[in-house]
Amino acid sequence: LGSIIDDYEKRYGVNSRRLIIPLVYQGEIELLEGEYTLAERTARRANQIATSTYGENSSKVAPTLALLAEVYTNIGDYQKAQKNAEEALKLQESQFGRNHVDVARSLEQLALIRFYKGDNLKEVENIMEDAKVIIADKLGNRNPTYADISTDLAKVYISEKRYDDAFNALTLAESIWLSRAGRKNNVNAANIYSLIGDIYYLQRNYDKAEEQYEKSKKIFQSKFSKNHPEYVKVLSKLSKVYYMEGDTRGSRKYIEEALANHINYIQKFFPALSER
């Protein structure tokens, strides 16, 4: 991807429309790696090129807006995230109509942002269900996008204490990823195991919660650095499990490691904040 971007810049210039999609892909990779500052910079560049090339009302701008929404979601700026997601959705609906895969993905993104904002859970669930119906109609119910929506729906179910529904949604998502990836050590599975761990934790089944968190931790550790936000989250969850089991030493060990890793992450990507 880096080679493609370098080649396009040399051949067509640094503001070429050919750079838009490669930059979006680069931003998505930076997001996965937890490099949110770099991802925001990349997303802004892609958005600027798309807007100047096609205008603000073109559907070709939508992928850059969706990336910006994802960046802001990850850093917790939900107002900006929602604004960009709604703009992307509006452009896609005007171009493609309601029953389009890209529209479904934007609906899912918008619903997840509203979930994190603390909006009405029933409204959030309805938006996700709309997205799921579109994806099932266009791509079937055994594809990665359907698995992503099922995973996000599980988050809503957990908040509503509908643990059986959440478990069923996560089991379905896991089976889809296993059939597509062919193995259990992919990042999507790690997210699923972490959520299953949350269900067991809320049900006070701490042994099974610990088992799921450990599976998630092992995958994140193999894919990313120990400073990655998702790895740190799992460490924090393990700390809570050990505390509830009465193992204060184990709990302290995990929370101290999580804190140290988080500080290292802040020092690397947010130096101004780390000084404060």
Requested in this report: Looking only at the stretch 196-228, count how many residues are touching a residue at least 60 places away in the same chain (Cβ under 8 Å) and touching a Gly at 6+ places or on another chain (Cβ under 6 Å).
Outcome: 1
Report task. Count, please, the residues in the stretch 175-195 that happen to be in contact (Cβ under 8 Å) with a residue 24 or more places away in the chain and assigned to a helix (DSSP H, G or I). Result -> 13
**Report entry** Residues (open to solvent by 60 Å² or more (accessible area, probe 1.4 Å), more than 17 Å from residue 149 (Cβ to Cβ) and not small (Gly, Ala, Ser)) located in the stretch 77-102
**Finding:** 78, 79, 80, 83, 86, 87, 90, 93, 95, 96
Query raised in the report: Quick check: is even one residue across the stretch 117-139 open to solvent by less than 30 Å² (accessible area, probe 1.4 Å), out of contact with any Asp or Glu (no Cβ under 8 Å at 6 or more places or on another chain) and polar (S, T, N, Q)?
Result: no
**Report entry** Total residues in the stretch 203-229, condition open to solvent by 30 Å² or more (accessible area, probe 1.4 Å), in contact with a helix residue (DSSP H, G or I) (Cβ under 7 Å, 6 or more places away or on another chain) and closer than 21 Å to residue 157 by Cα
**Finding:** 4
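Checking the condition assigned to a loop (DSSP other than H, G, I, E, B) and closer than 24 Å to residue 65 by Cα, which residue from 152, 102, 119, 130 passes?
Only one candidate qualifies: 119.
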Query - Subset of the stretch 107-122 [more than 17 Å from the chain's Cα centre (by Cα) and either in contact (Cβ under 8 Å) with a residue 12 or more places away in the chain or within 17 Å of residue 165 (Cα to Cα) (or both)] - result: 121, 122
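Would you confirm, using the coordinates I've provided, whether residue 10 is under 28 Å from residue 117 (Cβ atoms), open to solvent by 60 Å² or more (accessible area, probe 1.4 Å), modelled with pLDDT of 95 or more and in a helix (DSSP H, G or I)?
Values: under 28 Å from residue 117 (Cβ atoms): no; open to solvent by 60 Å² or more (accessible area, probe 1.4 Å): yes; modelled with pLDDT of 95 or more: yes; in a helix (DSSP H, G or I): yes.
For residue 10, the condition - under 28 Å from residue 117 (Cβ atoms), open to solvent by 60 Å² or more (accessible area, probe 1.4 Å), modelled with pLDDT of 95 or more and in a helix (DSSP H, G or I) - is not met.
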Report task. Being free of Cβ contacts under 8 Å to residues at least 12 places away in the same chain and open to solvent by less than 60 Å² (accessible area, probe 1.4 Å) is the filter here, so list the residues in the stretch 52-75 that pass it. Result -> 55
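Do the conditions hold for residue 243, that is, is it more than 23 Å from the chain's Cα centre (by Cα), among the hydroxyl-bearing types (Ser, Thr, Tyr) and either open to solvent by 70 Å² or more (accessible area, probe 1.4 Å) or at pLDDT below 85 (or both)? Steps first, answer last, please.
Numbers: more than 23 Å from the chain's Cα centre (by Cα): yes; among the hydroxyl-bearing types (Ser, Thr, Tyr): yes; either open to solvent by 70 Å² or more (accessible area, probe 1.4 Å) or at pLDDT below 85 (or both): yes.
For residue 243, the condition - more than 23 Å from the chain's Cα centre (by Cα), among the hydroxyl-bearing types (Ser, Thr, Tyr) and either open to solvent by 70 Å² or more (accessible area, probe 1.4 Å) or at pLDDT below 85 (or both) - is met.
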Query raised in the report: Looking at the stretch 49-69, is at least one residue within 18 Å of the chain's Cα centre (by Cα), farther than 18 Å from residue 103 by Cα and either among the hydrophobic types (A, V, I, L, M, F, W, C) or assigned to a helix (DSSP H, G or I) (or both)?
Result: no
Query raised in the report: Quick one: which of 257, 211, 275 is over 18 Å from the mean Cα position of the chain (by Cα) and at pLDDT 90 or above?
Result: 211
Query raised in the report: Does residue 153 satisfy the criteria of being without any contact (Cβ under 8 Å) to a residue 60 or more places away in the chain, over 18 Å from residue 114 (Cβ atoms), among the hydrophobic types (A, V, I, L, M, F, W, C) and open to solvent by less than 60 Å² (accessible area, probe 1.4 Å)?
Result: no
Report task. Can you give me the number of residues within the stretch 13-37 that are open to solvent by 40 Å² or more (accessible area, probe 1.4 Å), within 29 Å of residue 264 (Cβ to Cβ) and free of Cβ contacts under 8 Å to residues at least 40 places away in the same chain? Result -> 3
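The values are calculated or read from the model by the stated rules, or taken from the named source; none is laboratory data. Quantities reported herein were computed from a predicted structural model and do not represent experimental measurements. When we count neighbours, we look across all protein chains shown, and the Cβ atoms used for this are built from the backbone with ideal geometry, even at glycine. Just the protein is used for accessible areas: all its heavy atoms, side chains included, with ligands, DNA and RNA removed. Shrake-Rupley method; radii C 1.70, N 1.55, O 1.52, S 1.80 Å.
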